[in-house]
Amino acid sequence: MSKYVICAKEYHRGDSQDDETNPLRVTEIATELVITRLYCIMLLKDSKIDTSWTIVTTSERKCLYENIFDNVIDWNTYDTKHKKVEKTDVIDLLEPSLFNRLSSGKVHNRSIPYIGEDENFYQNWDRDKVEITNINFSSLNGYYVSSKFVCILIRTRKAWEEKNLPSEYWRELIEKLESKNIKVFIFGKETDEYSTDKTKYVKNFRDWCSIVRHPNCKVVLSTISGGVYPVFICGNKNLNLMIIDNEDEVKGNEHDPSWYNDCINFTKVNKEILTYLPDVNEISNKIARYIK
C-alpha cells in the first residue's frame, strides 16, 4: 500500500481569478521550497520515510522530487483518487498543527534548523545539499539562451494584490529593455501577454528553474513573490536578484527564510532589495550594468 507525503496543496489555481490567502490550501513556491520540501528531505535523510513514499505536490512542481522519489503525483490526483487513504499512511506537511511547528515562532525555535551553530546558514546544508539541488531540469529546447539575458517575474495573483504592480509599469520596462537590445524572459501566471518578438514567455515552473540556472541568466527582477526562490536553490553563481519591495515589507520579516533571508541563499547570489518603486529608466539602467 502506498504511503504519501503532502508537500503542497492546490485547491485553487492561484491566479487573478481563482485564489485564496491561505498557504495551507494554495501552497506558494516559497512555502514549498523553504518549508515543506526541506522538511521532506529531512524526513528522508533521517530515515523516517524512504524513496518509495509518494510525494504530493502541485501540478507544475513535480520536477522538485522526480529525481529523488520513485512516485510523484499532483494534488488534484491525490485529492480525487486517494481520499480513502488511511491517515497512518499520510504525512501531511500542510496539516495546521504540523505546519505551525515548521513555520511559526523565531527561526531558531523552528523544527527546520535554518540557523547553524556557527553561522546564519541552513544547518543541514552540507548533509542535504545533494537532494536540495537535485531537480529534474528541462533541456530548454526552444529557448534562445545562447547570450546574456534578464528574467522578470510578474505577479498577478488575486491574493495579496498589493504585491502586484500595474501592467503598464511592466510593459514600459520591457519596451525600455528591448530598446537597449537586452533579451528578456518573463515568468508568472497569466503573463504570456507580455511576450513579444524580443521577449520570451517561460511556460512552466520546470523551465523557470532551468532558465535561472543557466549561466547566461544575469538578472532576476521581481516584486515580493515566492517565485524567485529557485534563484536561491539552483540559480547560477553570477546571478543578481533584484526585488522591488515598494511597501517595505522585508524589513519587518528580515529573520524569516520566507522573506529572502540569507540563511537559505544556497547559491550565494547577489541580492538587492529596493524599498521603493524605481522608475523604468532607473531599473533598466541597473539591469544594463549587470548585463555588460
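The values are calculated or read from the model by the stated rules, or taken from the named source; none is laboratory data. Note that the coordinates shown come from a computational prediction; the quantities given were computed from them, not determined experimentally. Note: ideal-geometry Cβ built from the backbone for every residue, glycine included; neighbour counts use all protein chains shown. In case anyone asks, the SASA skips ligands and DNA or RNA and just uses the protein heavy atoms, side chains included. Shrake-Rupley method; radii C 1.70, N 1.55, O 1.52, S 1.80 Å.
Please determine, by comparing only the residues of the stretch 115-133 that are touching a Leu at 6+ places or on another chain (Cβ under 9 Å) and in a loop (DSSP other than H, G, I, E, B), which one is farthest from N238 (Cα to Cα).
Looking only at the stretch 115-133, we keep the residues that are touching a Leu at 6+ places or on another chain (Cβ under 9 Å), and these are 122, 124, 128, 131-132.
Subsequent filtering for residues that are in a loop (DSSP other than H, G, I, E, B) retains 122, 124.
Numbers: Y122: 21, N124: 24 Å.
Among residues in the stretch 115-133 that are touching a Leu at 6+ places or on another chain (Cβ under 9 Å) and in a loop (DSSP other than H, G, I, E, B), the one farthest from N238 (Cα to Cα) is N124.
Among the residues of the stretch 116-150, how many are within 19 Å of the chain's Cα centre (by Cα) and over 23 Å from V219 (Cα atoms)?
7
If S138 passes every condition in (1) within 21 Å of V269 (Cα to Cα); (2) among the hydroxyl-bearing types (S, T, Y); (3) at pLDDT 95 or above but one, which one does it miss?
Answer for S138: the failing condition is (1).
Matching residues to (1) open to solvent by 40 Å² or more (accessible area, probe 1.4 Å); (2) at pLDDT 90 or above; (3) in contact with a helix residue (DSSP H, G or I) (Cβ under 7 Å, 6 or more places away or on another chain):
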{"residue": "Y122", "(1), (2), (3)": "no, yes, yes"}
{"residue": "N134", "(1), (2), (3)": "yes, yes, no"}
{"residue": "T156", "(1), (2), (3)": "no, yes, no"}
{"residue": "N164", "(1), (2), (3)": "no, yes, no"}
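Do you know which of the residues in the stretch 1-29 that are of a type in the set (A, V, I, L, M, F, W, C) and at pLDDT below 95 is nearest to the chain's Cα centre (by Cα)?
V26
Would you please list the contacts, defined by Cβ atoms under 6 Å and residues six or more apart or on different chains, that run from a residue in the stretch 13-32 that is closer than 19 Å to E162 by Cα to a residue that is surrounded by 21 or more Cβ atoms within 10 Å (Cβ to Cβ) and modelled with pLDDT under 85?
Note: no pairs meet the criteria.
For E86, which of the numbered conditions (1) open to solvent by 70 Å² or more (accessible area, probe 1.4 Å); (2) over 19 Å from the mean Cα position of the chain (by Cα); (3) at pLDDT 95 or above fails to hold?
Only one criterion in (1) open to solvent by 70 Å² or more (accessible area, probe 1.4 Å); (2) over 19 Å from the mean Cα position of the chain (by Cα); (3) at pLDDT 95 or above is unmet by E86, namely (3).
Here are P257, P278: which of them is open to solvent by less than 20 Å² (accessible area, probe 1.4 Å), over 18 Å from the mean Cα position of the chain (by Cα) and not β-branched (V, I, T)?
P278
For the list (1) touching a Lys or Arg at 6+ places or on another chain (Cβ under 9 Å); (2) within 30 Å of D256 (Cβ to Cβ); (3) open to solvent by less than 70 Å² (accessible area, probe 1.4 Å), I need the number of the one condition that W170 fails.
Result: W170 fails condition (1) only.
Need the failing condition index for C209 against (1) over 21 Å from V280 (Cα atoms); (2) surrounded by fewer than 22 Cβ atoms within 10 Å (Cβ to Cβ), just the number.
(2)
If R37 passes every condition in (1) in contact (Cβ under 8 Å) with a residue 12 or more places away in the chain; (2) basic (K, R); (3) open to solvent by 10 Å² or more (accessible area, probe 1.4 Å) but one, which one does it miss?
Status for R37: all satisfied but (3).
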